[in-house]
1. State yes or no: is ASP7 acidic (Asp, Glu), part of a strand (DSSP E or B), under 20 Å from MET97 (Cβ atoms) and touching a residue at least 60 places away in the same chain (Cβ under 8 Å)?
2. Among the candidates GLU39, GLU123, single out the residue that is more than 23 Å from SER5 (Cα to Cα) and modelled with pLDDT of 95 or more.
3. Starting from the stretch 82-94, keep only residues that are touching a residue at least 40 places away in the same chain (Cβ under 8 Å) and at positive phi, then list their pairs with residues that are assigned to a loop (DSSP other than H, G, I, E, B) and open to solvent by less than 60 Å² (accessible area, probe 1.4 Å) whose Cβ atoms are within a distance under 7 Å, requiring at least 6 positions of separation or different chains.
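The values are calculated or read from the model by the stated rules, or taken from the named source; none is laboratory data. Quick caveat, the model's predicted, so the values are computed rather than measured. In this analysis, Cβ positions are derived from the backbone assuming ideal geometry, glycine residues included, and neighbour counts consider all displayed protein chains. What goes into the accessible areas is simple: the full protein's heavy atoms, side chains included, and nothing from ligands, DNA or RNA. Shrake-Rupley method; radii C 1.70, N 1.55, O 1.52, S 1.80 Å.
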Amino acid sequence: FKAPSRDHPALYRDLLRTNRVHWIAEEPPAELVREKMMECHFRFRHQMALVPCVLTLNQDGSVWVTLVKPARAITPGQFAVFYKGDECLGSGKILRMGPSVYTLQQGKNREGSPKKEEIDKIEPAT
């Protein structure tokens, strides 16, 4: 897929799944085990800014990563690296992605409210 521009909504995602995460200090962090979810930060490129996210732990040790705001050009095969403050918690390889912002927008447009032209065609009740 080639997007028409660098900032096309098809390039942005806010959900991804990793394989089994390799945790560094705690396997997995106690908060994640206890709450089944945990707020932290994530990056998938070395120099990129950290992105706030919520991790949801799966039975097999993989995680779903829900980003607070969509990130551009996440690709399966890259590594998601998780941080709490300055501490690197661990990493997992990105296996699957949620729908793109573009796909989500298309869905909203289809099921959304009627367009003005459609409303104008509706006969007023008498």
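1. no
2. Values: GLU123 fails: modelled with pLDDT of 95 or more.
The conditions single out GLU39.
3. GLY90/VAL21
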